[in-house]
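To keep things clear, I will list the structure first and then write my remarks on it.
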Amino acid sequence: MAKENYNSESALFSQAQHFLSRDNHKFSFSSNHQPALVVEPGDFIHVQTWDCYRGAITNETNALLPIDGSLINPATGPIFINGAQPGDTLSVTLHDIRPGARGVARTYPGEGQLQHFLTAPYAQFFDVRDGIVTMNERVSFKAAPMLGVIGVAPESGEIPTMPAGKHGGNLDNNKNTIGSTIHLPVKHPGALLAMGDMHASMGDGEICGTGIEIAGDVLISTQLIKGLGTDFPVTETESSWITHGVAPVEDLYSAMRIACEEAAGLLVTQWGFSYEEAFIFLSVQGNLGIAQAVHPAQGTVIAKMELSKISACPKPFNIA
């Protein structure tokens, strides 16, 4: 990734026709939220995001400050996309993601896959410069910025930004990164898109409960696939497409089953596979993985099924 994508002005952002400040944020997805911005499909939008703590964790003094769970994961938006109607798919392309200069990861006893090793809360700050993350004097690595939260208004009710669901939300898929397109099911006019929870890097599973939580800037555009609706969100990269399965905490098997069902459904309905062919193909070519499995934690567990783009299924949807 070119270094100008991090902590500096990116030429891509000059294409933006709209700017949405992080001051316009919500802690839930709902059709009752008033739009912060109205755009046309194809418009480029510069979206500014908070870190998941809304800037509350800034230094070693407040590194372990308790945060009210209802104030986690502010999502900038919502954005009303003209022409989006129930039954459509909203396709959101992440053209650029620029994390800020400093982020943090935190963990606590009783949370995460290695909780039994912890005797006290712990926080680690990271510096991000020129596309490199520095953890300490011994450890540094390439940044891999991504968005943890991206979604639209759900079919009914109000859903906090902490869990994921059919509307998207806290998908925590590290493939939701620069160049990716996230396909989301539209359930209400305008879709009401919102996003946040940026990470400078996050591993599969996010096993301690956080990635490198960081504020930053995102350049997006949207398109509509009319009259074709996904069930759960689908992520598309240059080389693959990825379905998601979401289930309550401690039910990872259900999440994996749903991710497989979603992939098989697209192979059958969009690309003419039989279910038997889809089952075999997913077993020999698909990659079933875990996006989110903190164990235990509030929210959801999330699985993902990734398929390489080949001529038999070059994209999620068979559209002109």
In segment 268-286, how many are surrounded by 13 or more Cβ atoms within 10 Å (Cβ to Cβ) and small (Gly, Ala, Ser)? 2
Say whether the condition of being in a strand (DSSP E or B), among the hydrophobic types (A, V, I, L, M, F, W, C) and over 12 Å from residue 92 (Cβ atoms) is met by at least one residue in segment 154-166. yes
Hey, does segment 128-148 have a residue that's of a type outside the set (Lys, Arg), without any contact (Cβ under 8 Å) to a residue 12 or more places away in the chain and closer than 24 Å to residue 290 by Cβ? yes
Flagged in segment 132-181 as among the small types (Gly, Ala, Ser) and closer than 27 Å to residue 61 by Cα, in numbering order, are 140, 143, 148
Tell me whether segment 226-244 contains one or more residues that are surrounded by fewer than 19 Cβ atoms within 10 Å (Cβ to Cβ), within 17 Å of residue 316 (Cα to Cα), free of Cβ contacts under 8 Å to residues at least 12 places away in the same chain and not polar (S, T, N, Q). no
What number of residues within segment 114-127 are free of Cβ contacts under 8 Å to residues at least 24 places away in the same chain and in a loop (DSSP other than H, G, I, E, B)? 3
When segment 272-320 is checked residue by residue, the ones that are among the aliphatic types (A, V, I, L, M), at pLDDT below 95 and closer than 30 Å to residue 71 by Cα are 293, 294, 297, 301
Which listed residue, of 73, 32, is in contact (Cβ under 8 Å) with a residue 12 or more places away in the chain and at negative phi: 32
Report those strands (runs of 3 or more DSSP E) wholly inside segment 181-229 carrying at least 2 residues which are of a type in the set (Gly, Ala, Ser), in contact with a strand residue (DSSP E or B) (Cβ under 6 Å, 6 or more places away or on another chain) and modelled with pLDDT of 95 or more. 193-199, 216-225
Given the criteria surrounded by fewer than 23 Cβ atoms within 10 Å (Cβ to Cβ), on the phi > 0 side of the Ramachandran plot and not in a helix (DSSP H, G or I), does residue 289 qualify? no
Kindly indicate whether any position in segment 170-185 is free of Cβ contacts under 8 Å to residues at least 60 places away in the same chain and closer than 25 Å to residue 240 by Cβ. no
Filter pass, residue 112 being at pLDDT 95 or above, on the phi > 0 side of the Ramachandran plot and in the same structural domain as residue 217 (by TED's automatic domain parsing): no
Search segment 152-205 for residues being of a type in the set (Val, Ile, Thr) and closer than 16 Å to residue 76 by Cα, and hand back the single one that is surrounded by the fewest Cβ atoms within 10 Å (Cβ to Cβ). 159
Here are some residues: 208, 260. Which one is more than 15 Å from the chain's Cα centre (by Cα), surrounded by 17 or more Cβ atoms within 10 Å (Cβ to Cβ), more than 29 Å from residue 80 (Cβ to Cβ) and assigned by TED's automatic domain parsing to the domain that holds residue 116? 208
Flag if residue 243 is outside the structural domain of residue 64 (by TED's automatic domain parsing), modelled with pLDDT of 95 or more and among the hydroxyl-bearing types (Ser, Thr, Tyr): yes
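The values are calculated or read from the model by the stated rules, or taken from the named source; none is laboratory data. Remember, it's a predicted structure, so these values are computed and weren't measured experimentally. Cβ coordinates were reconstructed from backbone atoms using ideal geometry, including for glycine residues, and neighbour counts include every protein chain displayed.
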